[in-house]
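Before any comments, here is the structure.
The values are calculated or read from the model by the stated rules, or taken from the named source; none is laboratory data. Because the structure is a prediction, the values reported are computed rather than measured. For neighbour counting, all protein chains shown are included, and Cβ atoms are generated from backbone atoms with ideal geometry for every residue, glycine included. With ligands, DNA and RNA removed, areas are computed over all heavy atoms of the protein, side chains included. Shrake-Rupley method; radii C 1.70, N 1.55, O 1.52, S 1.80 Å.
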Amino acid sequence: MQWQTLGAPPSLLALYWRAALKRKISGKALPEQGLRCRVQINLKEVAAYRKVCGFADSPILPATYPHILAFGLQMQLLTDSAFPFPLLGLIHLSNRIRIHRPLGGVSDLTLAVHAQNLKPHPKGATFDLITTAEDSLGLLWEAESRMLCRGVKLEGEATDDVQPTPSQVSELTRWQAPADIGRRYARVSGDYNPIHLSALTAKLFGFPQAIAHGLWNKAHTLAALGEHLPAANIEIAVEFRKPVRLPSEVRLLASAAGSSGELRLTGSGDIEHMVGKWQPIA
């Protein structure tokens, strides 16, 4: 892997123009280059994120927050001319976070992003977007987001890795996903994908209503689990199933607190939005 180090996080406005202009698949190989950048943590921005996602005040960063810090780097990688797939239309299938040490006492981080593991899928091709966060002691946090690009034809057997549905879970809490949560989350995350912003913009991409960001669903779930989860040496993996249409109510079912467990996020009629599990890092 070759690395390009940026002096500052990228400007999102220019990257959205790049994303809007690229609509076609331009190749079948992922770039060999990753991006790195040092970022400062702004406590005001962290507080705004906590409020939107339901996290309590704490000296420890929310488990999902490094994704927000890395969003510009991810956008720059995925809109680069060397990247073969258009960003608009990518589907986020699953997300796995590993927290190696508690995310406390951190004022700046070195973030890195790259793409790997391109594989055929029954609906196209998947790849993993890898994000890491390091402090002065080394690797602190890492994440793997599996993305699907429809319509890509690759050689090889198409597989679809699916997590089993958790069974030993009971209702922990429920919350409203209000009509404006896509816009509110966009303001704290930078992710202004039109499918999340309003029914009008979502309809342009084939959705009858706006849908909640997958990482808002995960963040709100981890906020609700709170003391259920260890602060470090933990891996939290979720698979996104049916989108949460806005507005709606969701229910969180989870197993008892402990170093390992399972979770399930459901909507009306027991529609399954997200399933997941947490366990110590192997």
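I'd like the full set of residues that are assigned to a helix (DSSP H, G or I) and either under 16 Å from the mean Cα position of the chain (by Cα) or on the phi > 0 side of the Ramachandran plot (or both), limited to the stretch 45-66.
Across the stretch 45-66, the qualifying residues are TYR49, ARG50, VAL52, CYS53, TYR65, PRO66.
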Return only the number of the condition from (1) in contact with a Lys or Arg (Cβ under 8 Å, 6 or more places away or on another chain); (2) in the same structural domain as VAL244 (by the TED database) that ASP180 does not satisfy.
(1)
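Hey, any hits in the stretch 24-43 for a residue that's open to solvent by less than 40 Å² (accessible area, probe 1.4 Å), under 30 Å from GLU227 (Cα atoms) and at pLDDT 95 or above?
Yes, the conditions are met somewhere in the stretch 24-43.
Could you list all residues from the stretch 208-223 that are under 17 Å from the mean Cα position of the chain (by Cα) and open to solvent by 30 Å² or more (accessible area, probe 1.4 Å)? Walk me through it before giving the result.
Narrowing the stretch 208-223 to residues under 17 Å from the mean Cα position of the chain (by Cα): 211-223.
Listed by number, the residues that qualify are LEU215, HIS220.
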List pairs: first residue in the stretch 40-66 and outside the structural domain of GLY190 (by the TED database), second residue aromatic (Phe, Trp, Tyr) and open to solvent by 20 Å² or more (accessible area, probe 1.4 Å) anywhere in the structure, Cβ distance under 8 angstrom, at least six positions apart or on different chains.
TYR49/PHE55; GLY54/TRP175; PRO62/PHE55
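Quick one: which residue in ALA237, ALA219, ALA212 is touching a His at 6+ places or on another chain (Cβ under 8 Å) and either modelled with pLDDT of 95 or more or under 29 Å from PRO280 (Cβ atoms) (or both)? Break it down into steps so the answer makes sense when it comes.
Working: ALA237 fails: touching a His at 6+ places or on another chain (Cβ under 8 Å); ALA219 fails: touching a His at 6+ places or on another chain (Cβ under 8 Å).
Exactly one of ALA237, ALA219, ALA212 is touching a His at 6+ places or on another chain (Cβ under 8 Å) and either modelled with pLDDT of 95 or more or under 29 Å from PRO280 (Cβ atoms) (or both), namely ALA212.
For residues in the stretch 110-151 being of a type in the set (S, T, N, Q) and in a strand (DSSP E or B), which is nearest to ASN233 (Cα to Cα)? Let's see the steps before the verdict.
Filtering the stretch 110-151 for residues of a type in the set (S, T, N, Q) gives 110, 116-117, 126, 131-132, 136, 145.
Checking the rest, the ones that are also in a strand (DSSP E or B) come to 110, 116-117, 126, 131-132, 145.
On the way: THR110: 20, GLN116: 24, ASN117: 25, THR126: 27, THR131: 17, THR132: 15, SER145: 19 Å.
Looking at residues that are of a type in the set (S, T, N, Q) and in a strand (DSSP E or B), I get THR132.
Quick one: in the stretch 226-282, of everything that is in a loop (DSSP other than H, G, I, E, B) and of a type in the set (Lys, Arg), which residue is least open to solvent (accessible area, probe 1.4 Å)? Step through it out loud before you land on a result.
Narrowing the stretch 226-282 to residues in a loop (DSSP other than H, G, I, E, B): 229-233, 241-244, 246-247, 255-260, 267, 271, 280-282.
If we keep only those that are of a type in the set (Lys, Arg) too, we end up with 241-242.
Values: ARG241: 74, LYS242: 121 Å².
Taking the candidates together, the pick is ARG241.
Is there a residue in the stretch 161-173 that is among the small types (Gly, Ala, Ser), surrounded by fewer than 20 Cβ atoms within 10 Å (Cβ to Cβ) and assigned to a loop (DSSP other than H, G, I, E, B)?
Quick first cut of the stretch 161-173, residues among the small types (Gly, Ala, Ser) only: 167, 170.
With the extra rule that they be surrounded by fewer than 20 Cβ atoms within 10 Å (Cβ to Cβ), the set shrinks to 167, 170.
Going one step further and asking which of them are assigned to a loop (DSSP other than H, G, I, E, B), we end up with 167.
Taking every residue of the stretch 161-173 in turn, at least one turns out to be among the small types (Gly, Ala, Ser), surrounded by fewer than 20 Cβ atoms within 10 Å (Cβ to Cβ) and assigned to a loop (DSSP other than H, G, I, E, B).
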Scan the stretch 145-157 and tell me whether some residue there is over 23 Å from SER255 (Cβ atoms), modelled with pLDDT of 95 or more and outside the structural domain of LEU15 (by the TED database).
no
Exclusive hit being open to solvent by 30 Å² or more (accessible area, probe 1.4 Å) and either at pLDDT 95 or above or in contact with a helix residue (DSSP H, G or I) (Cβ under 8 Å, 6 or more places away or on another chain) (or both), set LEU77, LEU129, LEU87:
LEU87
Failed condition for GLN176, given (1) open to solvent by 10 Å² or more (accessible area, probe 1.4 Å); (2) closer than 21 Å to ASN95 by Cβ; (3) in contact with a strand residue (DSSP E or B) (Cβ under 8 Å, 6 or more places away or on another chain); (4) among the polar types (S, T, N, Q), with all others met?
(2)
Just one of (1) aliphatic (A, V, I, L, M); (2) modelled with pLDDT under 95; (3) closer than 22 Å to TYR65 by Cβ trips up ILE181, so point out which.
(2)
